[in-house]
Each structure stands twice: as C-alpha cells, then as structure tokens.
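Peer 1: Before I ask anything, let me first share the structure, which is written out below as structure tokens.
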Amino acid sequence: QVQLVESGGGLVQAGGSLRLSCAASGSAFSFNAMGWYRQAPGKQRELVARIFTGDRISYADAVKGRFTISRDNAKNTVFLQMNSLKPEDTAVYYCYAAGTVRTYWGQGTQVTVSS
C-alpha cells in the first residue's frame, strides 16, 4: 500500500523560508509525476508545482521565482523549497504522486505565513 508522508510545514514570518518534504513508501516503481497542491480556507485546491519523470517541471504563476521543486527518484521523495514567503501562501500543502493507475495523496501539512 502506497503512503505519502509529508514534513516541514510550520509558522514563519513573511519573507522567510520553509522546506517541505514528501516521502513515498510502498511502491516498487517510480511515479510518473510528483508534486504539491495547496488549499487555503474557503478556496479550491490549486496546483503549486510538479515534477515529471525526466525532470520536466511546472509551477503556478503565483510561486514562480520563489519556490523550487526537486525530486530524489531513488528514494521516491519530493521536496518543495519555499522562499520569500507571503501571507497569501498560507494554506494546507498536499503532496501527490501520480502512478500508472492512480494518484496518491499525503495527509497535508499546514504552512502559515504571518505578516
């Protein structure tokens, strides 16, 4: 059974940095894509960043130039380095891993940016 375990969320002041990690276990194969979504209170879940096999990467416009996604394929782990954080980045961040048949989700980690 595949499980995604996230870590690294927390409270930070505006302008600060956080690094999120997501480790996938229970799969003998690498995933086609891994990445991060976020959901702020009262808003829909939105894509933040994703990285595909072969290292093709895409970012939401709101985070370009501030966030960096990376991946350790050998460990099925994905990271999100978040710099220059803004209060509007406050949300629950969810890791996902897209397999051949289905997509898996982490439990979410809270990121709160104070002004």
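Every number here is computed from the coordinates shown, using simple stated rules; none is lab data. Just so you know, these numbers come straight off a predicted model, no measurement behind them. As a convention, Cβ positions derive from the backbone with ideal geometry for all residues, glycine included, and neighbour counts pool all protein chains shown.
Peer 1: Using a Gaussian network model on the chain with a 10 Å cutoff between Cα atoms, which of Ala40, Ala49, Ala24 fluctuates the most?
Peer 2: Between Ala40, Ala49, Ala24, it is Ala40 that shows the largest mean-square fluctuation.
Peer 1: So, one more: Less than 29 Å apart at the alpha-carbon level, and either on another chain or at least 8 residues along: which lysines does that give for Lys43?
Peer 2: Lys64, Lys86
Peer 1: Also, I was wondering about something else. Hey, what do the phi angles of region 39-44 turn into as Karplus ³J(HN,Hα) couplings, whole Hz, using 6.51/-1.76/1.60 and θ = phi - 60°, x for Gly and Pro?
Peer 2: Values, residue by residue: 9, 8, x, x, 10, 6 Hz.
Peer 1: Using a Gaussian network for the chain with springs between C-alpha atoms less than 10 Å apart, which of these wobbles most: Arg45, Arg56, Arg66?
Peer 2: Arg56
Peer 1: Calculate I(q)/I(0) for the chain by the Debye formula, one identical point scatterer on each C-alpha and no solvent, and give its log10 at q = 0.09, 0.13, 0.22 Å⁻¹ to two decimals.
Peer 2: Evaluating at q = 0.09, 0.13, 0.22 Å⁻¹ gives log10 I(q)/I(0) of -0.21, -0.44, -1.22.
Peer 1: With unit charges on the beta carbon (Lys/Arg positive, Asp/Glu negative), name the residue among Gly10, Val48, Thr90 whose Cα is farthest towards the positive pole of the charge dipole of the chain.
Peer 2: Val48
Peer 1: Most fluctuating residue of Val92, Val101, Val12 in a GNM of the chain with Cα springs under 10 Å: which is it?
Peer 2: Val101
Peer 1: Amide H neighbours of Leu85 under 5 Å, counting only residues 5+ apart in sequence or on other chains, H built in-plane at 1.01 Å?
Peer 2: Amide H neighbours of Leu85: Gly15, Gly16.
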